[in-house]
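What follows is a set of notes on a single structure, which appears directly below.
Please treat every number below as a calculation from the coordinates, not as lab data. Because the structure is predicted, anything quoted here is derived from the model rather than measured. Backbone-built Cβ (ideal geometry, glycine too); neighbour counts: all protein chains shown.
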Amino acid sequence: MNRVNILDLAHNAVAERGNDYGKPNENFERIAQMWSSYTNHPFKLEDVGIMMMLVKVARLMENPHHQDSWVDIAGYSAITAEAIAETANNLLPLEDQQSTDSNLQENRY
C-alpha cells in the first residue's frame with residue numbers, strides 16, 4: 001500500500017461517514033461538548049480530532065502494520081482541518097498561520 005492508496009481509502013471513508021454523521025465541525029463540536037460535560041474540562045473541536053488521531057497512534061504502537069489505523073489518521077486529519085476551517089469563530093486562514101504579535105517574537109528564544 002502506498003500513500004495514494006491510503007489517501008484514496010481515507011477519502012472514501014470520510015465521504016461515507018460524512019453521510020452518516022453530518023458536517024465535521026458540527027459533529028466535533030457535539031463530541032467536544034459531551035467530553036467537556038463528562039470530564040468537567042473544556043474541549044474544543046480541534047481537541048476531538050487530535051485525540052481521535054492519538055487513539056489511532058496508540059493502536060499503532062501495538063501494531064504499526066495495521067493499515068486501517070493509518071487510513072483513519074489521514075481521514076481524521078482531513079476532517080479536523082475542514083472542521084477548523086468551517087468554524088464561524090475561526091478568524092485566521094488555516095494555512096500558513098503565523099503570529100505577528102511582537103511579544104511572541106521577543107520571547108521566541
* Asked: Going by how many other beta carbons lie within 10 Å of each one, how would you line up Val71, Val57, fewest first?
  -> Val57, Val71
* Point-to-point label distance, Leu54-Asp8, nm (Cα→Cβ direction, 7 Å offset) -> 3.4
* Asked: If you place +1 on the Cβ of every Lys and Arg and -1 on the Cβ of every Asp and Glu, how big does the dipole about the Cα centre of segment 9-73 come out, in debye to the nearest 20?
  -> 80
* Structure fact -> Most exposed first, judged by fewest Cβ atoms within 10 angstrom, Leu9, Leu54 run Leu54, Leu9
* Work from the charge dipole of segment 3-88 (Cβ charges, +1 for Lys and Arg, -1 for Asp and Glu, about the Cα centre) and give the residue of Met61, Gly75, Asn27 farthest towards its positive end. => Met61
* Structure fact -> Listing Val4, Val55, Val48 by rising number of other beta-carbon atoms within 10 angstrom, fewest first, gives Val4, Val55, Val48
